[in-house]
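*Asks:* Here it is, the structure in full.
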2 protein chains.
Amino acid sequence: MSVGLGPLPALAPVPGVRLGVACAGIKKPDHPDLTLIELAPGTRIAAVFTRNRFCAAPVHVAREHLSRTLPRYLLVNTGNANAGTGARGLEDARRCCRAVAELTGVDVAAVLPFSTGVIGEPLPVDRMLAGLPACLEDLREDGWAAAAEAILTTDTLPKACSRTVTLDKGSVRITGMAKGSGMIRPDMATMLAFITTDAVVHDVDLDAFLRQAVQVSFNRITVDGDTSTNDACVLAATAASNVPLAGDGDRERFLEALTDLCRELAQAIVRDGEGVTRFITVAVDGGATEAESEAVAYTIAHSPLVKTAAFAGDPNWGRILAAIGRAGIDDLAVESVRIWLDDYLIAEHGGRATGYREEEAARRMAGEEVTIGVDLGRGTARTTVWTTDLSYEYVRINAEYRS
Amino acid sequence: MSVGLGPLPALAPVPGVRLGVACAGIKKPDHPDLTLIELAPGTRIAAVFTRNRFCAAPVHVAREHLSRTLPRYLLVNTGNANAGTGARGLEDARRCCRAVAELTGVDVAAVLPFSTGVIGEPLPVDRMLAGLPACLEDLREDGWAAAAEAILTTDTLPKACSRTVTLDKGSVRITGMAKGSGMIRPDMATMLAFITTDAVVHDVDLDAFLRQAVQVSFNRITVDGDTSTNDACVLAATAASNVPLAGDGDRERFLEALTDLCRELAQAIVRDGEGVTRFITVAVDGGATEAESEAVAYTIAHSPLVKTAAFAGDPNWGRILAAIGRAGIDDLAVESVRIWLDDYLIAEHGGRATGYREEEAARRMAGEEVTIGVDLGRGTARTTVWTTDLSYEYVRINAEYRS
């Protein structure tokens, strides 16, 4: 099940980037589960990783390799997270990198590993190594759609999109893909995203752009930031277009397009969240600080009572109000708070809105997409968060995942 | 459904306390839903209330009345929380208090109102007033069992127990009752608890005892402390036994018995949590500070992934490990962390324990009660939290509550 997600749009190849996939038998037989992304020599890269203290072996190894040299290959497997695997997990991740390095003639540190899937099982390294030649064989510039399929775990649909950005000296492309998973507490899901561009971008800019874009996209579908054991988001710039970011105007346009692409991918993860039947936007305005707007938005977005009400299509404003009340704003003036479903005012002055009609509110909550809007009446800070409802299907998926 | 809860034990009447119930038609017809607790003149009282900023009208009124005089009557209705009801809600709560005051000849401030049930609907005051004479008529010292039934909402079983404490100058009784509700995020459930004793206890002691007992009982089944809109816990001492707390030994014995009683009531709330199929104790030891032990315990206890795994009887230690890793301890040495299911070690050194056998772990997780034990290996601070699994039934109850 998913909400508002269709087939993949046309994906623009990014000069300097080739992708190949293979069926390595990690996840299940005859299913693509191994992906190799090749980056042209000289490609610059920025990356953000999970903040979970139990970060997975591939995260450790990727960080280490990134500190030594520029990457040439990203190796992604699904079906196994190589997390909670101790010293052996680290060695397994390194073995995979060494194998790619040997087959391609690059330094081992130029290979970054990424894994997603079950936690705590040893990585089937032999099967991965056996799949590598097929991956290399398959490398092609138009491999995005196949790769977007091959990185999925419990996702039901692939997620990828492209942008073209017109800059002072010419136009550049940005193409990216992502995978998600459980979404009720997305900080626990493994989110992987790979975004590439053929623009010429300096390291400092690249890093700043990625962090800014992630902050209002992928980090707006999580509680504590990137906190699963494997989360990673990579932005690579091949410079193959020879088009630089020539000034502040270019930088702004590029960041805007990148942010827009990240937001589409992040929302796609929510739209395909486990058991989702409703796509919920929580838009909190009127905070005295961004921190308090965020706290309120996340408290609503993670309230199982709000989420089960959303599943039922029940405009239970009392639960939203109670969530706001416990979000940690000590001096909240409850009589100044207003709550909307889409454009329909449902609560004000500490209670139900004047003229509130249950059937009007229910009509909004019954939509496939609904916005819970909140004005805290304290200032101008706003935060938007995207989330899912909480359904029987969510429980089923997560109760049966390992059995 | 409930786990490990039987019929009510024998409840010792507390001299100076009488309880009466009535069917006022608030919740459903011919079902006791109105309870009056009468306290003898001179009864001392301590109370803790929700910290939710949207606290309900009765909470406002109870706090105000408590600041003016000693209470003589506690009026409790179920079926309607009188929360999110604005100015009218306050007036409704006051009207009910006035009515009790007029019928009994006490000051209006000597009446405290408590409500639990649906948020945002006007309190059916007329029905409550019509039920009051029957409540008064019904007042009796042995009314505990009936009252414990009458205060329930979605609870399936009543929760009450008694303790006798032998002090230097004689023995005293403590009898209490509680109600719970949704338990996955218990900070949203309405928890009401009424505890009385015939001991002679000074105000300062009474308040300190209640806070200390609540901290390790009712506050160990919630995230942010008492944060629903209506939560309240009251401790009343009638002094009818004429037995004082004579010294530190007495104080210690009394506090121990009170804490034990509160813990039994708190656990009973979890055992009867919405949709519960498994009673989970999360015991975190080895923290550098109590705050970090608490953070880890609550992160595990509120992880939907851990809770759905528990529902499935799946010993998914990877999810427990991931929850620990995102609990906010920045300098956590993951290789020092150990995890048990009951007495069975399942994870250490950042991965699966040596000799781990899935069927042994599964046997523990399949029990009606299971303890998730964690040693953080950083110090001696420990915290224990009680919670439920996350089942289809939880979703059903909370998706259908208002329909």
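*Asks:* Select from the stretch B:61-98 the residues that are surrounded by fewer than 20 Cβ atoms within 10 Å (Cβ to Cβ) and either closer than 24 Å to B:Gly176 by Cβ or small (Gly, Ala, Ser) (or both) and list them in ascending order.
*Replies:* Across the stretch B:61-98, the qualifying residues are B:Arg63, B:Leu66, B:Ser67, B:Thr69, B:Leu70, B:Gly86, B:Ala87.
*Asks:* Condition first: outside any loop (DSSP other than H, G, I, E, B) and among the hydroxyl-bearing types (Ser, Thr, Tyr). Can you find one or more residues in the stretch A:150-158 that meet it? So that I can check it myself, show each step before the final result.
*Replies:* Narrowing the stretch A:150-158 to residues outside any loop (DSSP other than H, G, I, E, B): A:150.
This time we only want the ones that are among the hydroxyl-bearing types (Ser, Thr, Tyr), so: none.
The answer is no, given that none of the residues of the stretch A:150-158 is outside any loop (DSSP other than H, G, I, E, B) and among the hydroxyl-bearing types (Ser, Thr, Tyr).
*Asks:* Select from the stretch A:311-332 the residues that are within 28 Å of the chain's Cα centre (by Cα), closer than 17 Å to A:Val284 by Cα and either small (Gly, Ala, Ser) or within 8 Å of chain B (Cβ to nearest Cβ) (or both) and list them in ascending order.
*Replies:* A:Arg319, A:Ala323, A:Ile324, A:Arg326, A:Ala327, A:Gly328 - these are the residues of the stretch A:311-332 that are within 28 Å of the chain's Cα centre (by Cα), closer than 17 Å to A:Val284 by Cα and either small (Gly, Ala, Ser) or within 8 Å of chain B (Cβ to nearest Cβ) (or both).
*Asks:* I would also like to ask the following. Determine which single condition B:Val106 fails, assuming it passes every other condition in (1) more than 22 Å from the chain's Cα centre (by Cα); (2) away from chain A (no Cβ under 14 Å); (3) under 19 Å from B:Ile151 (Cβ atoms); (4) among the aliphatic types (A, V, I, L, M).
*Replies:* Just one mismatch for B:Val106, condition (3).
*Asks:* Among the residues of the stretch A:333-360, write down those that are facing chain B (nearest Cβ under 10 Å), among the hydrophobic types (A, V, I, L, M, F, W, C) and farther than 18 Å from A:Ala301 by Cα.
*Replies:* Scanning the stretch A:333-360 gives A:Ala333, A:Val334.
*Asks:* Further, regarding this structure: B:His349 fails exactly one of the following numbered conditions: (1) more than 19 Å from B:Glu369 (Cβ to Cβ); (2) in the same structural domain as B:Asp205 (by TED's automatic domain parsing); (3) in contact with a Gly (Cβ under 8 Å, 6 or more places away or on another chain). What is the number of that condition?
*Replies:* (2)
*Asks:* Condition first: among the small types (Gly, Ala, Ser) and without any contact (Cβ under 8 Å) to a residue 24 or more places away in the chain. Can you find one or more residues in the stretch B:31-48 that meet it?
*Replies:* So far as the stretch B:31-48 goes, no, none of its residues is among the small types (Gly, Ala, Ser) and without any contact (Cβ under 8 Å) to a residue 24 or more places away in the chain.
*Asks:* In addition: Looking at the stretch B:316-330, which of its residues are surrounded by fewer than 24 Cβ atoms within 10 Å (Cβ to Cβ) and aromatic (Phe, Trp, Tyr)?
*Replies:* Answer for the stretch B:316-330, where residues must be surrounded by fewer than 24 Cβ atoms within 10 Å (Cβ to Cβ) and aromatic (Phe, Trp, Tyr): there is none.
*Asks:* Which one of the conditions (1) surrounded by 22 or more Cβ atoms within 10 Å (Cβ to Cβ); (2) at pLDDT 95 or above does A:Gly249 fail to meet, given that it meets all the rest?
*Replies:* Single failed check for A:Gly249: (1).
*Asks:* Still on this structure, please answer the following. Output the residues belonging to the stretch A:101-145 that are at pLDDT 95 or above, within 30 Å of B:Ala309 (Cβ to Cβ) and among the aliphatic types (A, V, I, L, M).
*Replies:* Those that are at pLDDT 95 or above, within 30 Å of B:Ala309 (Cβ to Cβ) and among the aliphatic types (A, V, I, L, M): A:Leu123, A:Val125, A:Met128.
*Asks:* Also, I was wondering about something else. Tell me which residues, restricted to the stretch B:88-116, are of a type in the set (A, V, I, L, M) and over 25 Å from B:Ala46 (Cβ atoms). Can you show your working first?
*Replies:* The initial filter retains those residues of the stretch B:88-116 that are of a type in the set (A, V, I, L, M), namely B:90, B:93, B:99-101, B:103, B:106, B:108-112.
Matches in the stretch B:88-116: B:Ala99, B:Leu103.
*Asks:* Could you say whether any residue in the stretch A:223-232 is buried (at least 23 other Cβ atoms within 10 Å of the Cβ), away from every other protein chain (no Cβ under 14 Å) and either under 22 Å from A:Leu19 (Cα atoms) or modelled with pLDDT under 95 (or both)?
*Replies:* Yes, some residue in the stretch A:223-232 is buried (at least 23 other Cβ atoms within 10 Å of the Cβ), away from every other protein chain (no Cβ under 14 Å) and either under 22 Å from A:Leu19 (Cα atoms) or modelled with pLDDT under 95 (or both).
*Asks:* Within the stretch A:62-72, can one find any residue that is within 21 Å of the chain's Cα centre (by Cα) and among the hydroxyl-bearing types (Ser, Thr, Tyr)?
*Replies:* Within the stretch A:62-72 (the criterion being within 21 Å of the chain's Cα centre (by Cα) and among the hydroxyl-bearing types (Ser, Thr, Tyr)), the answer is no, since none of the residues qualifies.
*Asks:* Search the stretch A:361-392 for residues being within 14 Å of chain B (Cβ to nearest Cβ) and among the small types (Gly, Ala, Ser), and hand back the single one that is nearest to the chain's Cα centre (by Cα). Steps first, please.
*Replies:* So in the stretch A:361-392, the residues within 14 Å of chain B (Cβ to nearest Cβ) come out as A:361-362, A:365-366, A:374, A:376-378, A:387-392.
Then keep just the ones that are among the small types (Gly, Ala, Ser); that gives A:361-362, A:366, A:377, A:391.
On the way: A:Ala361: 31, A:Ala362: 30, A:Ala366: 26, A:Gly377: 31, A:Ser391: 21 Å.
Restricting to residues being within 14 Å of chain B (Cβ to nearest Cβ) and among the small types (Gly, Ala, Ser), the top hit is A:Ser391.
*Asks:* Further question: Going by the structure shown, is A:Ala146 under 27 Å from A:Leu258 (Cβ atoms), of a type outside the set (Lys, Arg) and not in a strand (DSSP E or B)? Break it down stepwise before answering.
*Replies:* Working: under 27 Å from A:Leu258 (Cβ atoms): yes; of a type outside the set (Lys, Arg): yes; not in a strand (DSSP E or B): yes.
Spelling it out, A:Ala146 is indeed under 27 Å from A:Leu258 (Cβ atoms), of a type outside the set (Lys, Arg) and not in a strand (DSSP E or B).
The values are calculated or read from the model by the stated rules, or taken from the named source; none is laboratory data. What you see is a predicted model, and the numbers here were worked out from it, not measured in a lab. As a convention, Cβ positions derive from the backbone with ideal geometry for all residues, glycine included, and neighbour counts pool all protein chains shown.
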